[in-house]
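**Q** I'd like to ask you about the structure that follows.
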Amino acid sequence: MSSIPPSDQNNNKKFKPEQFRDFFRNMNDLIHEKPVKGFLQSIDEFFSSPFPGGAFPIQVRESEDKYMITAELPGVKKDQIELNILPNQLTISIVNNESETSENLNNHLFQKRISHERLSRTISLPVVINEKMVKASYRDGLLTITIPIVRGKTINIED
């Protein structure tokens, strides 16, 4: 015997699209309300930035006589890039300062917006960096840094 009452066994209910119309309308209204819409726009802006998550890709290659470091920096101007050298570390920084001012004298409205953004990556190398020998170039969004490996003198041991 079945545990379903006899009146419900033959009456299989099927869901009709009209039953969900109000639910979908309410969900659509919720998504387009200002707080949710603003949140969704901030997510879109986060992923549309050139360096999501605050990092930019770098690659370090080593040969017998030098290190080649490349950084992909699309949309970055040359004057926004800073290179800093410590004894065995190289820091690549991107600094973006923007200032926007708007005035409306008819409505006595003055608005100023200032933003400061700084992204950096530090690469540690197993050798001391001679800053006078480091060369850097920037072309088509690709920063290339060449660091020669300075070897010490070899001392022969006498018998």
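Derivation of every value follows stated rules applied to the coordinates shown; laboratory data play no part. Values in this document were obtained by computation on a predicted structure and should not be read as measured data. With ideal geometry, Cβ positions are generated from the backbone for all residues, glycine too; neighbour counts draw on all protein chains shown.
**Q** Can you work out the FRET efficiency for the pair Tyr138 and Glu103, with r the C-beta to C-beta distance and R0 = 30 Å, to the nearest 0.05? List each step's numbers first, then the result.
**A** Numbers: r = 36 Å, r/R0 = 1.21.
Computed FRET efficiency for Tyr138 and Glu103 comes out at 0.25.
**Q** Also, I was wondering about something else. For segment 52-148, what is one quarter of the convex hull surface built on the Cα atoms, given in nm²? The partial results should precede the final answer.
**A** Details: hull surface 33.2 nm².
Mean orientational projected area (segment 52-148, Cα hull): 8.3 nm².
**Q** How high is the relative contact order of segment 77-159, in percent, counting Cα pairs under 8 Å that sit 6 or more residues apart? All intermediate terms of the calculation are to be shown ahead of the outcome.
**A** Values: 115 pairs, mean separation 20.0, N = 83.
For segment 77-159, the relative contact order is 24 percent.
**Q** Would you kindly derive the ³J(HN,Hα) couplings of segment 89-94 from the backbone phi angles with the Karplus curve 6.51 cos²θ - 1.76 cosθ + 1.60 (θ = phi - 60°), listing them in order in whole Hz, with x for Gly and Pro?
**A** 9, 10, 10, 9, 10, 10
**Q** Quick check: pseudo-label points 7 Å beyond the Cα along Cα→Cβ at Met68 and Ser93, how many nm apart are they?
**A** Spacing of the two 7 Å Cα→Cβ label points: 2.8 nm.
**Q** Pull up all non-local amide H partners of Leu73: gap of 5 or more, or a different chain, and H-to-H distance under 5 Å with H placed in the peptide plane.
**A** Correct list: Leu142, Leu143.
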